[in-house]
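The values are calculated or read from the model by the stated rules, or taken from the named source; none is laboratory data. Note that this is a predicted model, so its numbers are computed, not measured. A quick note on method: Cβ atoms are made from the backbone with ideal geometry, for glycine too, and the neighbour counts reach across all protein chains shown. Note: accessible area is taken over every heavy atom of the protein model, side chains too, but ligands, DNA and RNA are not part of it. Shrake-Rupley method; radii C 1.70, N 1.55, O 1.52, S 1.80 Å.
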Amino acid sequence: MAKKEYQINNTTYTFSKEKFQNIAQHSMNEKRKAGNKCKTIDFYSDLAEGIGVSSETVRKWYTLGSSTSPVDLAMVNAIADYFHLDDVTKLLEKKKEILNMGTAIEMNTDRELVKNTFTALIDFVDWMVNDIEVEDGGMTISCHFDERFNKLLEIHTLIDKAALDAKEETVKKLHDIVLAYTENVMTSNVSSKWDLFCSDHYYDARSILDNGINYESASEEERKDDYGLDDYIKSIYPFIYDDDEDYLEIPFTYQFFYKREFAISLTNIFRNDFPEYFLYE
């Protein structure tokens, strides 16, 4: 389904779910700082009541996977008024110009290869962390070594199969990215290329993965001292609960931590190496 479009001063805009989420999160955080408990579901109800729609409609606007947007510019203005925004475009983004045919053809093969390699690495990590066997409170990096090695070779093969249709520079960069990650996952080290684009959280997640630590199964000492699990969780998910036991209701597993930080680091690397294939700044 095509995005809903809004015309302002001869410029075409679409609704930005990312901006909407950020503004909503800021509003909820301010309420929490003031001592009010405010869950996302409460925000849905409050905004819905304030502008005269259903909370389910607000939820769909807020959800990234949903294609639903406010029905017209008047509704977007109502949302802006609710948040006391001085400019309605703080909820919008300019519609991107359609590339001319020549540029589109030139970019298509390389961009598809970049995208497919990114997806293959995400799929590999999803398989790897769910396949890891943890024994006696830890795992060894050589667990299922051969299968892991072969799956990474398959990603190299994916790149090579498109080499005739893609730029030589694109193919080389993609091979280098996979090789750099191979060093990360097959040894105890983090390659220098990866190190440039990952945060300290990536190292925290590697430690949690290596030791197979889940929030529910970890002892209080492991959560707070041995692995800094509490600090890590609160840094990525800063909402404060009255009782830390509430965190048990959220799937904070070593698989979740590693997949999350891997995806963030991989995105940083791809945006750095292939800025021309990303339409959004």
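See the values below:
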quantity: Every residue from region 1-10 that is of a type outside the set (A, V, I, L, M, F, W, C), in contact with a helix residue (DSSP H, G or I) (Cβ under 8 Å, 6 or more places away or on another chain) and surrounded by fewer than 16 Cβ atoms within 10 Å (Cβ to Cβ); calculated: GLN7
quantity: Any pair with Cβ under 9 angstrom, 6 or more apart, that starts in region 12-25 at a residue that is among the basic types (Lys, Arg) and ends at one that is not in a helix (DSSP H, G or I); calculated: LYS17/THR63; LYS17/LEU64; LYS17/SER66; LYS17/SER69; LYS19/LEU92; LYS19/GLU93
quantity: Any hit, region 11-19, residues being open to solvent by less than 70 Å² (accessible area, probe 1.4 Å) and either part of a helix (DSSP H, G or I) or charged (D, E, K, R) (or both); calculated: yes
quantity: The one condition in (1) open to solvent by 60 Å² or more (accessible area, probe 1.4 Å); (2) closer than 27 Å to ILE236 by Cβ; (3) without any contact (Cβ under 8 Å) to a residue 12 or more places away in the chain that GLU49 fails to fulfil; calculated: (2)
quantity: Residue in region 215-225 that is under 30 Å from THR119 (Cβ atoms) and at pLDDT 70 or above present; calculated: no
quantity: Unmet criterion (only one of (1) farther than 22 Å from HIS26 by Cα; (2) at pLDDT 85 or above; (3) of a type in the set (A, V, I, L, M)) for ILE264; calculated: (1)
quantity: Residue among ASP200, ASP176, ASP195 that is among the acidic types (Asp, Glu), open to solvent by 50 Å² or more (accessible area, probe 1.4 Å), in contact with a helix residue (DSSP H, G or I) (Cβ under 8 Å, 6 or more places away or on another chain) and at pLDDT 70 or above; calculated: ASP176
quantity: Failed item, numbered, when GLU30 is tested on (1) of a type in the set (D, E, K, R); (2) surrounded by fewer than 14 Cβ atoms within 10 Å (Cβ to Cβ); (3) touching a helix residue (DSSP H, G or I) at 6+ places or on another chain (Cβ under 8 Å); calculated: (3)
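The rows are residues; the columns are (1) assigned to a helix (DSSP H, G or I); (2) closer than 24 Å to PHE252 by Cα; (3) modelled with pLDDT of 70 or more; (4) of a type in the set (Gly, Ala, Ser).
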position	(1), (2), (3), (4)
GLY102	yes, no, no, yes
THR109	yes, no, yes, no
THR119	yes, yes, yes, no
ASN130	yes, yes, yes, no
GLU147	yes, no, yes, no
ILE155	yes, no, yes, no
ALA166	no, no, yes, yes
